[in-house]
1. Using the Kirkwood formula over every pair of different C-alpha atoms, what hydrodynamic radius in Å results for the chain?
2. Measure nothing fancy, just the Cα-based angle from helix 4-21's long axis to the longest principal axis of the chain, in degrees from 0 to 90, nearest 10.
3. Among Leu32, Leu40, Leu65, rank each residue by its count of other Cβ atoms within 10 Å, from fewest to most, as a rough exposure measure.
4. Among Cys86, Met58, Ala15, which residue has its Cα furthest toward the positive end of the charge dipole of the chain, with +1 on Lys/Arg Cβ and -1 on Asp/Glu Cβ?
5. Could you state the principal axis extents of the C-alpha atoms in the range 44-101, from the largest down, to the nearest angstrom?
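Bear in mind these aren't lab numbers, they're just calculated from the coordinates by the rules spelled out. Since we're looking at a predicted model, the values are computed, not measured. Cβ placement follows ideal geometry from the backbone for every residue including glycine, while neighbour counts extend to all protein chains displayed.
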Amino acid sequence: MASAYLDVRASFAIAKITSITSPGPAAHLFGLARADARALGYRDAENSGLSEPPVPVMFADEPELVHGWQDGVIEWESQWEYIDVCSFCFGDHSVLQCPRV
Ligand SMILES: [Zn+2]
């Protein structure tokens, strides 16, 4: 089974190697790797029962991948900050709009 984390890590390594000879294209490759890390952070937060899922081992020693992954976790968490939860029926509306009260 292929590992999405390994794919991102390999893409990041290719970006690093590319940056030696071609900084312009490397910046684009770094951006892609970071975006993929962000998508994995979003997915991990969505699938985790933990409030703070652990940073993937494959990203742990690359701060840029850690930050990208954490951005995805924060993105997933932040979408829930403004959703009302009814204290009466736990539906996705405020208690003032609850059809059961
Ligand atoms: Zn309700």
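1. About 15.5 Å for the chain.
2. 40 degrees
3. The fewest-first ordering by Cβ neighbours comes to Leu32, Leu40, Leu65.
4. Ala15
5. That gives 52, 17, 11 Å along the principal axes, largest extent first.
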